[in-house]
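Laboratory data are not the source of any read-out in this text; all were calculated from the coordinates shown. Not measured: the values here are computed from a predicted model. When we count neighbours, we look across all protein chains shown, and the Cβ atoms used for this are built from the backbone with ideal geometry, even at glycine.
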Amino acid sequence: MFGDQDEESVFDRLWSLICERFEFLAPVWIIQRPETLTILDYRPTFFMALTAAGFVILGVSCVFLFFKIATAFSFGLWALAAPGIACVVLLFRGTIREAYYFDKTTDSYAFVRQFIHRKEVIEGSLSQFTAAYVKTETNDDSARYYVVLKQEGMFLTGVSEQNLREELPIFNSFDNEARIANAISGFLPSRR
């Protein structure tokens, strides 16, 4: 059975405990109303989390350098330039947040991916989706979870399914993805 505690390794259980403690830093908010569904996903991608950690380390290093607290910074600002440039490059790569809006009154949806420098919006008809589920991809030592929307028929791209997120966020867990998929499945109009 999937999710059985006996099948999980010790590291999987430890990682899930760590993720549970820090999920408040990057929440997933599901706002359900009778005619609309809004899902706000503030979980950054791995590169955005790495960039945020890099900026924190650079900021602390600059403070130490400014007050000349440590002599380990003998290279000065030149030693901070390369990591700073790497952080700026990574800053423009990943999403800050993603928001998903579903509206029954207008039979429409909008997926908004917010980057630092731009916003990407995908819009369409809500009636094209028939279901939502969690797809699991496993390799030797880890599992990745995606929320997948099933589409009615095949479209121009030739696929009948659409992943909700293109890049996996940190704190990717079956529970978070199942919450999102269940909210979307419960909101979609039922087919007779």
**Prompt:** In what order do Val63, Val28 fall by count of nearby beta-carbon atoms within 10 Å, going from fewest to most?
**Reply:** Val63, Val28
**Item:** Debye log10 I(q)/I(0) at q = 0.19, 0.22 Å⁻¹ for region 36-148, Cα point scatterers
**Value:** -1.04, -1.19
**Message:** Can you give the FRET efficiency to the nearest 0.05 for Tyr42 and Ser142, using r as the Cβ-Cβ distance and R₀ = 25 Å?
**Reply:** 0.65
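Residues with beta-carbon under 15 Å from that of Glu35, excluding Glu35: net charge, scoring Lys, Arg +1 and Asp, Glu -1?
Numbers: positive: Arg33, Lys104; negative: Asp103, Asp107.
Summing Lys and Arg as +1 and Asp and Glu as -1 gives 0.
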